[in-house]
Amino acid sequence: MSEASAIATESEPRPSAAARARSVPTLIACLAGAALLTVSEPAGAVFVLLALTLAVLLLIWGWPILTDSPEPTGTRLSLAVTAAAIVLAGYQAPYGIALRHLPVAIAVGLIAAFLMQLVRGDIKAGVVTALTSAAGGLTLVASVMAMAVLPDLRGADRPLALAAAGIAAGLFAELLPARMRGLTLLAGTALGACGGLIGALLVPTSATTAAAAVLGACASVVALATRVALGELPGSRYAVAPAVIAAASLAAPGFVIVTIAKLLLG
């Protein structure tokens, strides 16, 4: 019993220490991405689209590695098809990218993901894992591309900058000591609201303080929950993981940010 206890005592701190070590570059990458979003929105819609495209390219490249997909090439192709379909379908609208064609683009991506499985040599090998990986990536790609409408939809309100400020502030919640890990999401929400308010002071915006706080809080908690969940994936030990997890955590709040911008701003 004493030998087993000694083994357990020695082995328990190692996973958490490794997780904290991996989270440092992830937090740095996420902070850099949030800063890029914050400065790109006042610069104009073209710069926002370029910043979002960078996140999409990171997801296309690294998402199959992070999720340990048995068919990485097929997953990458389905994500690329989805991103291209969103851009092409969106620009069919008379005033630029619109969201009404987004379900069609997602459906095209899902069909592409299934077709990729049909051309595999052994369709039974890891098909569920491959499709799950592709579906998760499709959701993130659609979410990040949905934010491309915000400069035209609510340009004066700067919703992307406010949300990015909330995400950046919420990063400090992951620095809580181990005994307070249960409060991480609550702390991330509170810090995100503060970040949104600080963003409203630093960036010229017509959004109300309440809307800025809600934007920051919601974006922060979704991004934080995404980082926590993705940190448990088998591919999180790879060197590419920090950049991909950061891109995913910035992409995940996209639908929430767009919804809040349409309901509370303007």
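Considering the range 43-87 alone, what residues qualify as being of a type outside the set (A, V, I, L, M, F, W, C), touching a Ser or Thr at 6+ places or on another chain (Cβ under 6 Å) and within 23 Å of Pro103 (Cα to Cα)? Scanning the range 43-87 gives Pro64, Thr75. Listed here are the helices (runs of 4 or more DSSP H) enclosed by the range 144-247 that have at least 2 residues being over 21 Å from Thr53 (Cα atoms): 159-170, 184-202, 209-230. The residue that is farthest from Ala229 (Cα to Cα), counting only those in the range 176-207 that are more than 23 Å from the chain's Cα centre (by Cα) and open to solvent by 80 Å² or more (accessible area, probe 1.4 Å), is Pro204.
Is the range 83-93 home to any residue that is modelled with pLDDT under 90, β-branched (Val, Ile, Thr) and either under 20 Å from the mean Cα position of the chain (by Cα) or in a helix (DSSP H, G or I) (or both)? Checking the range 83-93: at least one residue is modelled with pLDDT under 90, β-branched (Val, Ile, Thr) and either under 20 Å from the mean Cα position of the chain (by Cα) or in a helix (DSSP H, G or I) (or both). For the range 107-144, the set of residues classified as open to solvent by less than 60 Å² (accessible area, probe 1.4 Å) and either in contact with a Phe, Trp or Tyr (Cβ under 9 Å, 6 or more places away or on another chain) or modelled with pLDDT of 90 or more (or both) consists of Leu131, Ser133, Ala134, Ala135, Gly136, Gly137, Leu138, Leu140, Val141, Ala142, Ser143, Val144, listed by residue number. Restricting the first member to the range 143-171 and to residues that are closer than 23 Å to Leu57 by Cβ, and the second to residues that are of a type in the set (Phe, Trp, Tyr), the beta-carbon pairs closer than 8 Å and six or more apart or on different chains are Ser143/Phe255; Ala146/Phe255; Asp152/Tyr95.
The values are calculated or read from the model by the stated rules, or taken from the named source; none is laboratory data. What you see is a predicted model; the values in this text were computed from it and never measured. Here Cβ is always computed from backbone atoms with ideal geometry, including for glycine, and neighbour counts include all displayed protein chains. What goes into the accessible areas is simple: the full protein's heavy atoms, side chains included, and nothing from ligands, DNA or RNA. Shrake-Rupley method; radii C 1.70, N 1.55, O 1.52, S 1.80 Å.
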